[in-house]
Amino acid sequence: MMKDWQTFVETQAATMATSNFICDASNLGLILVTGDDAQNFLQNQFSNDISHIDETRFQLSSYSTPKGRLLAIFRIVQISNGYLLITPISLVESLLQRLQMFVIQAKVNLANASDHFARIVLQTDNSTVNQHPLLPRQAGHVMQGDSVISLQLNPVNGENRYLVLCLSFDEAKSLWNEISLHLQVASFDAWRLAEIKTGMPVIYPQTSEHFVLQMSNLDLLDGVSFDKGCYPGQEIVARMHYLGKLKRRMFLTTLETEHCPAPGDEISGKGAESADGSGKVVDAVSDSNGLCHCLYIAQINKAANNELCLLDQPQVALTPVDLPYSTTPA
C-alpha cells in the first residue's frame, strides 16, 4: 500500500506554503495498540487520562522516562479495536521496543502500522474543502469511516487543519486528487511550520529525554492529567505542578537567518563560547520568505530578559512571538 502511495506522491510537485495547502505526511508514524488490556496499558504508561477519549475525539499525551524526561508526544485516536498513536516516524521503532518491555503478561499487542495507512495533512479556509463529508467540523474531533480516519487539529491564521489516514490507496489517491483541486501541494515542512505556529511541541530522536513535560507546555495544551494514577515520571511532573518550581518553558521566536537551526541545537546565554544549558531548539522551519520560525525550550528568566541566542549563530536575534494559547497554567 505505502509503496504505491509513495510512488504517487513523488509525482506531485511540492512547494513551501503557509496557507491553503495539502501535503503527504509519511514523516508521521503510527503505532497500533490492540488487545483486551490496551486501555489499562496506555493508562499506566502515558501522561493523559486515556479514559477521557472515544472514537469521536482524539487526545494529546506523552511518554516519559521514570526521571520525567519526555520520550515522545502523541496524538492518540481510539479506533474500533484499539488505539493509534501518532508521532514522528523516526521514533516509532524505538518506542515499540520500549513499550514492549512493559507488556509482560498483559493482553496487549503493539505494532508499527505506518505501512498500512497513507497520511495526508491539509490546512485551509476553503469552504468547499472544510465541508467535505470526510472531515470533522470541530477542532479536537475525529471522523471514522470504513477506511478513512480524519482529525481536525487546532487552527492557524484562521485556517482549519486536518490529518487524514487512509487504509486504501485508491481512496487516498481519490481524496488527494479531489482536494488538491482547491489547494496547493506543499512539502511536509509546510505542516511542520504550521505546528510550530500553533505552539505544538514535538519530540525527535535528537531531543528525546531532554525535556520534562511542563517545559514543552503540554500542561497548557491539555496533554496531561494531574488526577489520574501513576505513570513513568509522574512524581516529577506532579512535584513540578504542585510546588511550582518550573524554571523552563517553550517559547516561539522568529530568526532572520539562512541557516535555520535543527531540533536539539543549543540555545545559550549571550557571550557563551560553549553550551551552557540555557536551552535547546524543539523544531524550526523557514517559511517561503526565508524567515525561520522556531520553538525552543529555555530558562524562563533568560528568555524574558532577552539574554539568549543560538550558540552557533550568536549574531542572530531571537525575536519573540506570542504563542496562540495562554502561557499561564490554569
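Rounded to the nearest 20, the size of the Cβ-charge dipole of the range 140-265 about its Cα centre is 580 debye, with Lys and Arg at +1 and Asp and Glu at -1.
Near the amide H of Leu28, within less than 5 Å, lie the amide hydrogens of Ile89, all on another chain or at least 5 residues away, with H placed in the peptide plane.
With the Kirkwood sum run over all distinct C-alpha pairs, the range 2-197 has a hydrodynamic radius of 17.3 Å. Per-residue 3J(HN,Hα) values for the range 90-95, derived from phi via the Karplus relation 6.51 cos²θ - 1.76 cosθ + 1.60 with θ = phi - 60°, read 5, 9, 4, 5, 5, 5 Hz in sequence order (x marks Gly and Pro). The His116 and Ala238 beta-carbon pair, evaluated with R₀ = 35 Å, returns a calculated FRET efficiency of approximately 0.40. Across the chain, the relative contact order, built from alpha-carbon pairs under 8 Å that are at least six residues apart, equals 20 percent.
When DSSP assigns beta bridges and you keep just the ones with both residues in the chain, what percent turn out antiparallel, to the nearest 5?
DSSP beta bridges in the chain are roughly 95 percent antiparallel.
Treat the count of other C-beta atoms within 10 Å as a stand-in for reagent exposure and order Thr56, Thr253 from fewest to most.
On the way: Thr56 13, Thr253 23.
So the residues, fewest neighbours to most, are Thr56, Thr253.
Counting only DSSP H runs of at least 4 residues, each contributing -39500 (n - 2.57), and dividing by the residue count of the chain, the helix-based mean residue ellipticity at 222 nm comes to -5500 deg cm²/dmol. Spin-label model, Gln313 to Ser90: label points 7 Å out along the Cα-to-beta-carbon direction sit 1.8 nm apart. Think of the chain as a dipole: +1 on every Lys or Arg Cβ, -1 on every Asp or Glu Cβ, centred on the Cα centre; then among Ala172, Leu96, Leu218, Leu218 lies furthest on the positive end. Simple spin-label estimate for Lys67 and Gln131 gives 5.5 nm between the two label positions (7 Å along the Cα-to-Cβ direction from each Cα). Here the simple spin-label model places points 7 Å from the Cα toward Cβ, and for Ala262 and Asp146 these points are separated by 4.5 nm.
Taking each residue as 0.36 nm, the span from Phe102 to Thr7 lengthens on full extension beyond its C-alpha to C-alpha distance by 30.5 nm.
3J(HN,Hα) couplings calculated from phi for the range 275-283 with the Karplus curve 6.51 cos²θ - 1.76 cosθ + 1.60 (θ = phi - 60°) are, in sequence order, 4, 10, x, 5, x, 9, 6, 8, 7 Hz; Gly and Pro show x.
Ranked by how many other Cβ atoms sit within 10 Å of their own Cβ, fewest first, the residues Glu273, Glu93 fall in the order Glu273, Glu93. Taking amide H as placed 1.01 Å from N in the peptide plane, Ala72 has its amide H under 5 Å from the amide H of Tyr63, each at least 5 places away in sequence or on another chain. Remark on Met16: its backbone amide H falls under 5 Å from those of Ser187, a criterion applied only to residues 5 or more positions apart or on other chains, H modelled at 1.01 Å from N. Cross-link pairs exceeding 20 Å between alpha carbons, from the set Lys107/Lys228; Lys245/Lys302; Lys3/Lys107: Lys107/Lys228; Lys3/Lys107. Evaluate the Debye formula for the range 205-321 with equal point scatterers sitting on the alpha carbons, no solvent, and hand back log10 of I(q)/I(0) at q = 0.23 Å⁻¹, in q order, two decimals. For the range 205-321, the Cα-only Debye profile gives -1.30.
The structure shown yields volume of the Cα convex hull per residue in Å³, and of the options [x] 165; [y] 132; [z] 176 that calculated value carries the label [y].
All of the numbers you see were taken from the coordinates with simple rules; none came from a lab. Every value quoted in this text rests on a predicted model; they were computed, and no experiment measured them. Please note: Cβ atoms are built from the backbone with ideal geometry, for glycine as well, and neighbour counts cover all protein chains shown.
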